[in-house]
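S.K.: Provided herewith is a single structure, encoded as structure tokens, for subsequent inquiry.
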Amino acid sequence: MINLRLSGSGGKPLVMLCLGCHSDDIEIGCGGTILRLIEEQPNCRFHWAVFSAIGTRRAEAQRAAELFAGSERLELLLKEFRDGFMPFVGSDIKAAFEEMKNTISPDIIFTHNGRDAHQDHRLLSELTWNTFRNHLILEYEIPKYDGDLGQPNLFVPLEKEIYEKKVRYLMDAFRTQSPKHWFTEETFLALMRLRGIECVAPSGYAEAFYCRKLVV
Ligand SMILES: [Zn+2]
């Protein structure tokens, strides 16, 4: 299978918009891809928006974004919407998207999967598509209790150094999540291993995304 490369338009540095409801969503969903993009294109830049980053989790979100993207590449937008209640304050979240539409022009957008079982995740995915109408949007996946994993169609193979770094950063940056039964190294490695099988990744590991629309 041939590889399509992600590169900026007209030789300009690639600009990413990373959208996540909660501290740790972006990093779990596409942390390895972000690390790989930086390795391949050190001049790339990130707009990084977390919609529920409150108290300790705000500090964790900030530190993780700096770990993964590097503070020099980063424009961080941290909001304080209540976890689990986003569909019920949809107009405020929609307003935040309208503001982003007027100020950000990304090449690639990473967002939640539209069929995610978490109500906050689904809302953000829907608003991503409503707001950014002529953009490459890649929807990442988050493993969870509800069992909503599907069949993604875009794969990013990750070298050993990258996928190990992703897991290390996750465990290091999100200490408040460690009591959760699913927040373990094994969970993150297992999902990347399965996606690596599906795309025949040389290292055996990959991240995967849902890409609804692609222009070549
Ligand atoms: Zn989440």
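The values are calculated or read from the model by the stated rules, or taken from the named source; none is laboratory data. The model shown is predicted, which means the values in this text are computed figures rather than measured ones. Backbone-built Cβ (ideal geometry, glycine too); neighbour counts: all protein chains shown. Heads up: the accessible areas ignore ligands, DNA and RNA and are worked out on the full protein's heavy atoms, side chains in. Shrake-Rupley method; radii C 1.70, N 1.55, O 1.52, S 1.80 Å.
S.K.: Tell me the per residue accessible area of the chain using a 1.4 Å probe; a whole number in Å² is fine.
M.R.: Result: 51 Å² per residue.
S.K.: Additional query: Name the residue from 96, 112, 11 whose Cα lies farthest towards the positive end of the charge dipole of the range 1-160, charges +1 on Cβ of Lys and Arg and -1 on Cβ of Asp and Glu.
M.R.: 11
S.K.: Something else now. Kindly provide log₁₀ I(q)/I(0) values, in the same order as q = 0.19, 0.21 Å⁻¹, from the Debye equation applied to equal alpha-carbon scatterers of the range 112-175.
M.R.: Per q value, in the given order, log10 I(q)/I(0) is -0.95, -1.05.
S.K.: Full-extension gain between residue 43 and residue 91, please, as 0.36 nm times their residue separation minus the C-alpha to C-alpha distance.
M.R.: Additional length available on full extension: 13.8 nm.
S.K.: If you don't mind, there's one more thing I want to ask. For every other residue with a beta carbon closer than 13 angstrom to the beta carbon of residue 119, add +1 if it is Lys or Arg and -1 if Asp or Glu, then tell me the sum.
M.R.: Summing Lys/Arg as +1 and Asp/Glu as -1 gives -2.
S.K.: Oh, and also: For the chain, give the magnitude of the charge dipole about the Cα centre (Cβ charges: +1 Lys/Arg, -1 Asp/Glu; no others), in debye to the nearest 20.
M.R.: 300
S.K.: Another one. Under unit Cβ charges (Lys, Arg +1; Asp, Glu -1), what dipole magnitude, rounded to 20 debye, does the range 101-161 have relative to its Cα centre?
M.R.: The dipole magnitude comes to about 220 debye.
S.K.: Mind checking which lysines have their Cα closer than 27 Å to the Cα of residue 94? Skip sequence neighbours fewer than 8 apart in that chain.
M.R.: The qualifying lysines are 79, 144, 213.
S.K.: Given just the C-alpha atoms of the range 85-146, how large is their convex hull per residue in cubic angstrom?
M.R.: Measuring per residue, one finds 75 Å³ for the Cα hull of the range 85-146.
S.K.: If you don't mind, there's one more thing I want to ask. First compute the accessible area of the range 100-208 with a 1.4 Å probe, then give the percent of it belonging to carbon and sulfur atoms. Kindly include the intermediate steps, with their values, before the conclusion.
M.R.: On the way: 2690 of 5510 Å².
Using a 1.4 Å probe with all protein chains present, the range 100-208 comes out at 49 percent carbon and sulfur.
S.K.: Counting only chymotrypsin sites (Phe, Trp or Tyr not before Pro) that are in a DSSP loop and have at most 14 other C-beta atoms within 10 Å, tell me the longest site-free stretch of the chain.
M.R.: Values: sites that count: 85, 145, 182.
The longest uninterrupted stretch comes out as 1-84.
S.K.: What does the net charge come to around residue 133 if you take all other residues with beta carbon closer than 14 Å to its beta carbon, with K and R at +1 and D and E at -1?
M.R.: Charge balance near residue 133 sits at +1.
S.K.: Could I ask something else about it? Can you give the Rg to Rh ratio of the range 1-141, both from alpha-carbon atoms, with Rh computed by the Kirkwood formula?
M.R.: So for the range 1-141, dividing Rg by the Kirkwood Rh gives 0.95.
S.K.: Quantify, in whole percent, the carbon and sulfur part of the accessible surface of the range 50-98 (1.4 Å probe; protein heavy atoms only).
M.R.: On the range 50-98, the fraction of accessible area on carbon and sulfur atoms equals 51 percent.
S.K.: When the convex hull of the C-alpha atoms of the range 38-93 is computed, what volume per residue in Å³ does it have?
M.R.: Expressed per residue, the convex hull around the Cα atoms of the range 38-93 is 87 Å³.
S.K.: Shifting gears a bit: For the pair residue 148 and residue 215, how long in nm is the line joining their label points, each one 7 Å along Cα→Cβ?
M.R.: Here the modelled spin labels are 2.9 nm apart.
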